[in-house]
Amino acid sequence: MLASGLLLGALFLCLSALMVLSVWRQRKVCSRLPPGPTPLPFIGNYLQLNTEEMFDSLMKIGEEYGPVFTVHLGPRTFIVLTGYEAIKEALVDQAEEFSGRGKLATFSWLIDEFGVALSNGERSRKLRRFSITTLRDFGMGKRGIEERIQEEAGFLVEAIRATKGTPIDPTFMLRCTVSNVICSIIFGDRFEYEDKQFLSMLQMIKGSLQFTATSLGQLYEMFSGVMKYLPGPQQQAFKELKGLEAFITEKVQENQATLDPNSPRNFIDSFLIKMQEEKENPNTEFFMKNLIMTMLNLFFAGTETVGTTLCYGFLLLMKHPEVEAKIHEEIDQVIGHNRLPKFEDKAKMPYTDAVIHEIQRFGNINPISLVRRVTKDTRFRGYLLPKGTEVYPMLGSVMRDPNLFAFPETFNPQHFLDEKGQFKKCDAFIPFSIGKSYCFGEGLARMELFLSLTSMLQNFHIHHPLLKEAIDFSPTMLYEMFSEVMKYLPGPQQQAFKELKGLEAFITEKVQENQTTLDPNSPWNFINSFLIKMQEIGEKYGPVFTVHLGCRIVVVLTGYEAVKEALVDQAEEFSGRGEQAIFSWICGDFGVAFSNGERSRQLRRFSITTLRDFGMGKKGIEERIQEEAGFLVEAIRATKGALIDPTFMLTCTFANVICSIIFGDRFEYEDKQLLSMLQMMKGSLQFTATSMGQLYEMFSGVMKHLPGPQQQAFKELKGLEAFITEKVRQNQATLDPNSPRNFIDSFLIKMQEEKENPNTEFFMKNLIMTTLNLFFAGTETVGRTLSFGFLLLMKHPEVEAKIHEEIDQVIGRNRLPKFEDKAKMPYTDAVIHEIQRFGNLNPTGMARRVTKDTRFRGYLLPKGTDIYPMLGSVLNDPNFFTCPEAFNPQHFLDEKGQFKKNDAFIPFSIGKRHCFGEGLAKMELFLSLTTILQNFHIQSPLPKEAIDISPLMVGFVNIPRSYTISFLPRG
């Protein structure tokens, strides 16, 4: 007991001594510093501040103690500067003394005093000078980075366009956009918005920042010496920062492995080269730790602020539609709608420039700014600030100074306009700070803000579901008392971006107007709903007639007899491939799909043989389809019966089957490469389905040189070409001529065998284009057919019930469906055929071309004449199908319920250029449909009477209308 009493007494004396020491030290420090509220031992003024409104709390203290005062946050002491005069006097007039960087405890845990943002002294000067020079070398402030921002703004516009005017929170898209700009400089490349690495990086940034905004984050800034060893949310923040460090380290290692000292590709390369140059310098600041931490600094700084400012800007424009209207007017006058905005336009757009400045001023994103530190004992306004004293320059106090802005609490672009409506500068506009440690990314940020905002408003106007009076744009404080990102952010708001009418929208509107007044003899009948009216024109002019598509003359064949007579009876003469302008831009006459003559024959023969070697039509590919169908079932099961649009999953499934043949492997459904390929394919196909795409088919010779959406389609195709080229190079590096792994290997071996043949058709261009052709052909059609199938089954639940019954009788529930089961399942086979017939996905067929002057039904078709064999007219021919406009599996069943063939069933075309992937497609359709219906039954959110199964005609193709469906496990 005595020992315990002595121990408690000693502990009490120690604590008392520590408290006395703390009070003495605080008084000693306070005696030399500006005045401020009296601190308590250990916790300082923490209890005297409203941590949820830190900026306002400090400003209120300033009202009592003046523009320069002292606050104590735990054991740390800060000098706070408010108002333009005090901040300018410190950061500009005494720039050198106030140029140090203060401590940011959460980030200092990892960064310490390394990297450009948090270092001091000679290290800071060297890294800052190097970073500014290198960023300029890679285009910052120049034309190069402008083009990069324009490109990224284009991706943003397309992402917004895809929302189709539905209300969204744009924060994520905006952050992705601005982050990609800095990524293109420091990493040398951008990321797709769905890229897993990219999303992970953004999440790690968000996670680490969120901790600093909590009360525990504030406590950590005060007591980091103890709390960094304790469990708590700070450990998760550390984990996020370590994750970012690991990602950057990996990027650095990748660059090291492929570094060319004579040709730096990005910021990392330039730093690595500098490291090599200074490797003999014992005092160098160019070493790995500084590189990684500088990269981390740049990534943080280049991601957050601009995206947040833009988000706030759109919120303010919703509140002030009259401001948006004036910007639209200025955009129309200076830029128009036929070119991209340029940074040089800003000089001619004073109102837009003023709005952007006012968004930054009123948004007040960084009100407290980065903490500074005096670099030596410093006299300031009669006080002595010891070396190392930390300083908070309250930038927000300047941006809302009533002596400098007439209406500081109001959003008013007139703050930056003179009486003549011209832009006027204001010294108090300092969102990027001032002095020696100002943000050196200011020029980049200004360019991003202008180009992103004008690109968005060139294409959209902003709509809010609420009245403007109900819009809340009071800032939500994302506060952190001691860190870089003490920001005001707009609260979450839902915005809808409504697309403006440009040239394409105008043409589309005219097309819709003209559909009711079609003149079959007009050369514009292609635009005037070509596919809808072909049957009517055929009824007037017969099954063989001519249309003029701009400069192109096309002969159209309708009905089974005319199509068969051409493609089968005169197969050789009609075996040429006609022009598909958008794909001809990249494929030309190369590859298996669009070539002609001997090239076509050799490539087609090789492709068919090689695909068979890799299992097409055999047990090998059947097992691969079964495996992929299993992945599809698991993906559907994971939805747990929720309503989904199945299109994406189906597309991934069938893309993977053809990928396993041509590339030798499948992709996970979330794989960024697969998603990128599918997006590029979708993007190029979507263009062909627009009115501008139809115009391009007519006038490609001119339009391929003009700006417009065709340029984006070209970009998508070039992206696919680049991906395939990279796959080919990977195969070349590991090729074993005795053991081909996939289609690419087989083609490469054939190239080696024929390398001495001057007339060979087996060379790189044909390989890449053939692979591109196969990927397109093997991905789209089957997925769309099966998507159509599920829509039809929702409309006809009695058909689904009969398929379930046949599955249970023939296959059961305990084994996988096999393709040989099809012979015993006539009803299911008939349903699949009827889905293809009724869906009529490719009603025109691919364009053919006569290979020589040809007599056909009394007409002379000159060599090279393009032909449209209207497959849809055959699949709906009333001479072969009793109810062609109805979905009816009985079209393929005889009176005994057995499957019956029909010569007019030609969804894969006929003749010499029929689709040689027909066997693969039939196997995929049967195995996928039966595997899904073996495991699930389907349910529609609508009554069956309300389900619209009429195909939606888009350009040259029919597609199923958008729908949602539930897949419910079978009991």
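The values are calculated or read from the model by the stated rules, or taken from the named source; none is laboratory data. All of these numbers come straight from a predicted model, not from anything done at the bench. For neighbour counting, all protein chains shown are included, and Cβ atoms are generated from backbone atoms with ideal geometry for every residue, glycine included. Side chains included, ligands, DNA and RNA excluded: accessible areas come from the protein's heavy atoms. Shrake-Rupley method; radii C 1.70, N 1.55, O 1.52, S 1.80 Å.
Ignoring everything but the protein chains, give the 1.4 Å probe accessible area of Asp377 in square angstrom, nearest 10.
100
I need to check one value: relative contact order of the stretch 35-78, counting alpha carbon pairs closer than 8 Å and at least 6 residues apart, in percent.
The value is 52 percent.
Looking at the stretch 277-383, which chymotrypsin sites (Phe, Trp or Tyr not before Pro) are DSSP coil and have at most 15 other C-beta atoms within 10 Å of their C-beta?
Those that pass, being in a loop and sparsely packed, are Phe287.
Under a point-charge model restricted to the Cβ atoms of Lys and Arg (+1) and Asp and Glu (-1), what is the dipole moment magnitude of the stretch 791-938 relative to its Cα centre, in debye to the nearest 20?
800
Given R₀ = 30 Å, what would the calculated FRET efficiency be for Lys900 paired with Glu539, taking r from the Cβ atoms and rounding to 0.05?
0.55
Using only Cα positions of the stretch 332-418, each an equal point scatterer, no hydration layer, compute I(q)/I(0) via Debye at q = 0.26 Å⁻¹ and quote the log10 values to two decimals.
Result of the Debye calculation: -1.17.
Using a 1.4 Å probe, what is the accessible area per residue for the stretch 684-789, in Å²?
Result: 42 Å² of accessible area for each residue.
Put Phe936, Phe114, Phe172, Phe663 in order of accessible area, largest first, 1.4 Å probe: what do you get?
These residues rank, largest area first, as Phe172, Phe114, Phe663, Phe936.
At a probe size of 1.4 Å, how large is the accessible area of Met173, to the nearest 10 Å²?
Near enough 40 Å² of accessible area.
Quote to one decimal, in nm, the extra length available between Phe631 and Ile132 on full extension: 0.36 nm per residue of separation minus the C-alpha distance between them.
Computed gain between Phe631 and Ile132 is 174.7 nm.
Using just the Cα positions, wrap the stretch 334-383 in a convex hull and report its mean projected area in square nanometres, one decimal place.
Averaged projected hull area, Cα only: 6.8 nm².
With all protein chains present, calculate the accessible area of Glu322 using a 1.4 Å probe and round the result to the nearest 10 Å².
90
What do you reckon, how do Tyr229, Tyr220 stack up by accessible area (1.4 Å probe), largest on top?
So, going from the largest accessible area down, we get Tyr229, Tyr220.
Keeping all protein chains in place, calculate the accessible area per residue for the stretch 589-676 (probe 1.4 angstrom), answer in Å².
42
Using 0.36 nm times the number of residues separating Leu384 and Asp948, minus their current alpha carbon distance, what extension gain do you get?
Separation in residues times 0.36 nm, less the Cα-Cα distance, equals 195.1 nm.
Given charges of +1 on the Cβ of Lys and Arg and -1 on the Cβ of Asp and Glu, with all other atoms neutral, how large is the dipole of the stretch 878-971 about its Cα centre, in debye to the nearest 20?
So the magnitude is around 240 debye.
For the stretch 775-930, count the residues as N, evaluate 2.2 N^0.38 Å, and divide the Cα radius of gyration by that value, please.
The reported ratio for this selection is 1.18.
How much of the calculated P(r) for the stretch 852-945 lies past 23 Å, in percent of all Cα pairs?
For the stretch 852-945, the share of Cα pairs beyond 23 Å comes to 52 percent.
So what's the projected area for the stretch 710-758, the Cα convex hull averaged over all directions, in nm²?
Over every viewing direction, the Cα hull of the stretch 710-758 projects on average to 4.6 nm².
How high is the relative contact order of the stretch 616-685, in percent, counting Cα pairs under 8 Å that sit 6 or more residues apart?
23
Diagonalise the Cα gyration tensor of the stretch 51-205 and give the resulting equivalent ellipsoid semi-axes, square root of 5 times each eigenvalue, largest first, whole Å.
Working through the eigenvalues yields semi-axes of 36, 23, 17 Å.
Using only C-alpha positions, report the orientation-averaged shadow area of the convex hull of the stretch 771-837, nm², one decimal.
5.5
Please grab the % of Cα pairs in the stretch 276-358 that end up more than 15 Å from each other.
Percentage above 15 Å: 71.
Using a basic spin-label model with each label point 7 Å from the Cα along Cα→Cβ, how many nm lie between Glu151 and Lys852?
Each label point is offset 7 Å from its Cα along the Cβ direction, giving 4.9 nm.
Using the crude model of +1 on Lys and Arg Cβ and -1 on Asp and Glu Cβ, and no other charge, please compute the dipole size for the stretch 601-748 relative to its Cα centre, in debye to 20.
That gives a dipole near 440 debye.
For the stretch 564-662, what is the Kirkwood hydrodynamic radius in Å, using each pair of distinct C-alpha atoms?
16.7
For Met692, Met275, Met846, give the ranking by accessible area with the largest first, probe 1.4 Å.
Output order, biggest surface exposure first: Met846, Met275, Met692.
For the pair Glu158 and Asn814, what calculated FRET efficiency results from E = 1/(1 + (r/R0)^6), where r is the Cβ-Cβ distance and R0 = 35 Å, to the nearest 0.05?
The value I calculate is 0.15.
Suppose each label sits 7 Å from its Cα in the direction of the beta carbon; what would the Leu199-Glu113 distance come out to in nanometres?
Here the answer is 4.1 nm between the modelled labels.
Based only on the alpha carbon positions, what is the Kirkwood hydrodynamic radius of the stretch 711-803, in angstrom?
Kirkwood radius, the stretch 711-803: 16.2 Å.
Ordered by residue, what ³J(HN,Hα) values in Hz, to whole numbers, does the stretch 163-180 give under the Karplus form 6.51 cos²θ - 1.76 cosθ + 1.60, where θ = phi - 60° and Gly and Pro are x?
Per-residue couplings from phi come out as 6, 6, x, 6, x, 9, 9, x, 3, 4, 4, 5, 5, 4, 4, 6, 5, 5 Hz.
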